[in-house]
Each structure stands twice: as structure tokens, then as C-alpha cells.
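The values are calculated or read from the model by the stated rules, or taken from the named source; none is laboratory data. In this text the structure is predicted, and so the values were computed from the model without any measurement. FYI the Cβ positions are ideal-geometry reconstructions off the backbone, even for glycines, and counts take in every protein chain you see. Only protein heavy atoms, including side chains, enter the accessible area calculation; ligands, DNA and RNA are left aside. Shrake-Rupley method; radii C 1.70, N 1.55, O 1.52, S 1.80 Å.
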Amino acid sequence: VQLVESGGGMVQPGDSLKLACVTSGRTIVGYAMAWFRQASGKEREIVAGITWSGSTTYYRDSVKGRFTISRDNDKNTIYLQMASLKPEDTGVYFCNEALYYRGSYYPADDSWGQGTRVTVSS
């Protein structure tokens, strides 16, 4: 599976961005997917997850009410709409197939795309 993330950029606090992740090589139908991010010098962390049908979503506490994850299975694409961005949202954002376990999502595959960088700074 190939994952190509896009939509990142440099924005000011309070701005919005919409990230997209296009998968190829296999359909995403039937697979939960998630967005992860990695800030400089820190470990990769879960941001948001979504079931294969899109009926259930998960968000880490710090992004609840600001970020929205969605998916278009026909286009093999997942999205992350980010609003009211904060400097602490800065990092490289990745998508991946995910597994839900004990209240959170974890990457189901150790193969990652190049990610898309989000920088929030005034």
C-alpha cells in the first residue's frame, strides 16, 4: 500500500488546513484509518481515527472540537479538516491503516508515506 499525504503548510494560529491522504495498491474499504503526527524530537502520536464505514471517529483530547476526520472510500482517500490551529499542532502528519485497541488507535502497518508538514506559527 502506498500512502501519499498532502495539504500541509505554514499557517498562523487560528487558521485552518485540510489534509488529504490518498492510498493506492489496495482499497481502504474494510480498514480503519487514522492520522498520526510527529513533532520534532517527539514520538509519533495518534491524532484521529475513523472506522471503515466512517460511522465512528476518535480524536485525541487536544484536538477534539477542532479537527474532523472523514473518508471517501470510493476515492481511497481520508481527510483531516483542522481548524483553530495552535502552535502545538505543528508536526509532520501521516496517515495509515489503524487498529482500535483499548480506547485508542494504533498503526496497523509499519510502512509510512512521506507525511505532510504542518507549521503553526505567528
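Entry remark, segment 95-109: residues being within 13 Å of the chain's Cα centre (by Cα) and open to solvent by less than 20 Å² (accessible area, probe 1.4 Å) number 4 in total.
For segment 22-62, the set of residues classified as hydrophobic (A, V, I, L, M, F, W, C) and under 19 Å from Gly115 (Cα atoms) consists of Val22, Ile28, Ala32, Met33, Ala34, Trp35, Phe36, Ala39, Ile46, Val47, Ala48, Ile50, listed by residue number. Of the strands (runs of 3 or more DSSP E) lying entirely inside segment 1-79, the ones with 1 or more residues being open to solvent by 70 Å² or more (accessible area, probe 1.4 Å) and at pLDDT below 95 are found at 2-6. Selection of segment 1-50 for residues being touching a helix residue (DSSP H, G or I) at 6+ places or on another chain (Cβ under 9 Å) and over 17 Å from Ile78 (Cβ atoms) yields Pro13, Ala39. Here Leu85 fulfils each of the conditions (1) within 19 Å of Leu99 (Cα to Cα); (2) in contact (Cβ under 8 Å) with a residue 60 or more places away in the chain; (3) of a type in the set (A, V, I, L, M); (4) in a loop (DSSP other than H, G, I, E, B) apart from (1). Scanning segment 88-122 for residues that are over 22 Å from Gly9 (Cβ atoms), charged (D, E, K, R) and not in a loop (DSSP other than H, G, I, E, B) turns up just one, Glu97. Looking across segment 10-31, the residues that are in contact with a strand residue (DSSP E or B) (Cβ under 6 Å, 6 or more places away or on another chain) and under 19 Å from Tyr105 (Cβ atoms) come down to Leu19, Ala20, Cys21, Thr23, Tyr31.
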